[in-house]
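Laboratory data are not the source of any read-out in this text; all were calculated from the coordinates shown. Note that the coordinates shown come from a computational prediction; the quantities given were computed from them, not determined experimentally. Neighbour counts run over all protein chains shown; Cβ positions are idealised from the backbone, glycine included.
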Amino acid sequence: MQKQHAIAIIDSGVGGLTVAREVMRQLPQEQIIYFGDNARCPYGSRDPEEIRYFCLQMVDFLSQYPLKALVIACNTATAVALEDLRERLNIPVLGVIEPGARAALSASRSGRIGVIGTETTIRTAAYERALRRIHPELYVVGKACPAFVPLVEQQLQHTEEAVRIVKETLAPLHQYDLDTLILGCTHYPLLTSLIAEAMGETVTLISSAEETARELSMLLSLQDSLATARGDGVEHHFYTSGDDVTFRNIGEAWFGCHINVQRKILEKAPNF
């Protein structure tokens, strides 16, 4: 495995940029090739086989680059496609669920943990299984929040409508006396301030981005695959199947710098 090969990151849209930013912060010499499937976002209510197909399409496109690792930055895709991609690819494949679960366990004082995510992520109970594999006695409650991803993708997170939707959606969680809440979708960190306000200061919010980047760093280090300094700097590549202007606006606001974004239309999936 070549040290200078790139790290691929795939997501249903812009949410995975929260993971990409953390990878760039922790591993500044690594090149990132990112694909956001904005045209078919959100994934949360789609058929699992359809999601697997979408992931394979993105990976197939990114394979034009020499890659040394793949990060599935979408919780929904991680829940349904992680093992399949691990079997198909000869590079390490990381998801965001296991790292997020470990971070929540470290943060929780009472063992009462909530998980918010897409309908598919919550339905598969992927976080609950990951948490209880480590600590079987945990109290875990999940809540699907299907309206959250569209708020981010449509750049509505700073509106009064977003405040109302987040508050009303999360209100039922107050009855469970949680001390930790996993943001089980990589879009949700872009709503952090609204979620924090709705949940209150006694609840710790967990994003899997930091822990995923840390796990990636450890894996590449163990394999002696960390990139060395690049004399001409690092050039990242961002692709979207949707509106490249909207993607660029969200990405540049999140990264605080200019990014180059190209649109790539993927072929229509078979009927599932």
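In whole angstrom, how long is each semi-axis of the equivalent ellipsoid of the stretch 31-121, when you take the square root of 5 times every eigenvalue of its Cα gyration tensor and sort them from largest down? Don't jump to the answer; show the numbers that get you there.
Working: eigenvalues 128, 57, 25 Å².
They are 25, 17, 11 Å, listed from largest to smallest.
Roughly how big is the chain's charge dipole about its Cα centre, with Cβ charges of +1 (Lys, Arg) and -1 (Asp, Glu), in debye to the nearest 20? Don't jump to the answer; show the numbers that get you there.
Numbers: 25 positive and 33 negative charges, 67 e Å.
Computed about the Cα centre, the dipole is about 320 debye.
Using each residue's phi in the stretch 53-70, evaluate 6.51 cos²θ - 1.76 cosθ + 1.60 at θ = phi - 60° and report the 3J(HN,Hα) Karplus result to the nearest Hz, with x for Gly and Pro.
Ordered by residue, 3J(HN,Hα) equals 4, 4, 4, 5, 4, 5, 5, 4, 5, 6, 5, 5, 9, x, 10, 10, 6, 10 Hz.
Please list, by residue number, every one of the trypsin sites (Lys or Arg not before Pro) in the stretch 1-57 that is coil in DSSP and has at most 16 other beta-carbon atoms within 10 Å. Present the calculation step by step, with values, prior to reporting the outcome.
Working: sites: Lys3, Arg21, Arg25, Arg40, Arg46, Arg52; in loops: Lys3, Arg46.
Taking the stretch 1-57 and a limit of 16 other Cβ atoms within 10 Å, the loop trypsin sites (Lys or Arg not before Pro) found are Lys3.
To the nearest whole percent, what portion of all C-alpha pairs in the stretch 97-208 is separated by more than 24 angstrom?
The calculated P(r) of the stretch 97-208 puts 17 percent of pairs beyond 24 Å.
Using alpha carbons only, how many degrees (0 to 90, rounded to 10) separate the axis of helix 75-88 from the longest principal axis of the chain?
So the helix axis and the longest Cα principal axis differ by about 40 degrees.
Taking every pair of alpha-carbon atoms in the stretch 135-272, what share in percent sits in each 5 Å bin, from 0 to the bin with the longest distance?
2, 8, 13, 15, 16, 15, 13, 11, 6, 2, 0, 0
Dipole magnitude of the stretch 179-232 about its Cα centre, charges +1 at Lys/Arg Cβ and -1 at Asp/Glu Cβ only, in debye to the nearest 20?
Working: 2 positive and 8 negative charges, 31 e Å.
Taking the Cα centre of the stretch 179-232 as origin, the dipole is about 140 debye.
In degrees from 0 to 90, rounded to the nearest 10, what is the angle of the helix 208-222 Cα long axis to the longest principal axis of the chain?
40 degrees
Would you kindly work out the equivalent ellipsoid of the chain from its C-alpha gyration tensor and give its semi-axes, the square roots of five times the eigenvalues, largest first in whole Å? Spell out each step's value before the answer.
Numbers: eigenvalues 160, 88, 68 Å².
Over the Cα atoms of the chain, the semi-axes work out to 28, 21, 18 Å.
With a cap of 10 neighbouring Cβ atoms within 10 Å, and only residues DSSP puts in a loop, list the GluC sites (Glu not before Pro) found in the stretch 103-168.
Details: sites: Glu119, Glu128, Glu137, Glu153, Glu160, Glu161, Glu168; in loops: Glu137.
Hits after loop and neighbour filter: Glu137.
Near Glu98, within a Cβ-to-Cβ distance under 13 Å, what is the net charge of the other residues, with Lys and Arg +1 and Asp and Glu -1?
Every neighbour counted, the sum reads +2.
Starting at the first residue of the stretch 29-37, write each ³J(HN,Hα) from the Karplus equation 6.51 cos²θ - 1.76 cosθ + 1.60 with θ = phi - 60°, in whole Hz, x for Gly and Pro.
Calculated HN-Hα couplings, in order: 8, 8, 8, 10, 10, 10, 10, x, 8 Hz.
Working from Cα positions, state the angle (0 to 90°, nearest 10) between the long axis of helix 17-26 and the longest principal axis of the chain.
Computed tilt is about 70 degrees.
Please turn the phi angles of the stretch 135-141 into ³J(HN,Hα) values with the Karplus equation 6.51 cos²θ - 1.76 cosθ + 1.60 (θ = phi - 60°), one per residue in order, whole Hz, x for glycine and proline.
9, x, 8, 5, 9, 10, 10
Specify which residue in the list Pro48, Pro28, Gln2 is farthest towards the positive end of the charge dipole of the chain, using unit charges on the beta carbon of Lys, Arg (+1) and Asp, Glu (-1), about the Cα centre.
Ranked along the dipole, the leading option is Gln2.
Do any trypsin sites (Lys or Arg not before Pro) in the stretch 199-257 lie in a DSSP loop with no more than 14 other beta carbon atoms within 10 Å, and if so, which? If you can, show how the numbers build up before the last one.
Numbers: sites: Arg214, Arg230, Arg248; in loops: Arg230.
The qualifying sites are Arg230.
Where nothing but the Cβ of Lys and Arg (+1) and of Asp and Glu (-1) is charged, how large is the charge dipole of the stretch 84-230 around its Cα centre, in debye to the nearest 20? Kindly include the intermediate steps, with their values, before the conclusion.
On the way: 14 positive and 18 negative charges, 67 e Å.
Roughly 320 debye for the stretch 84-230.
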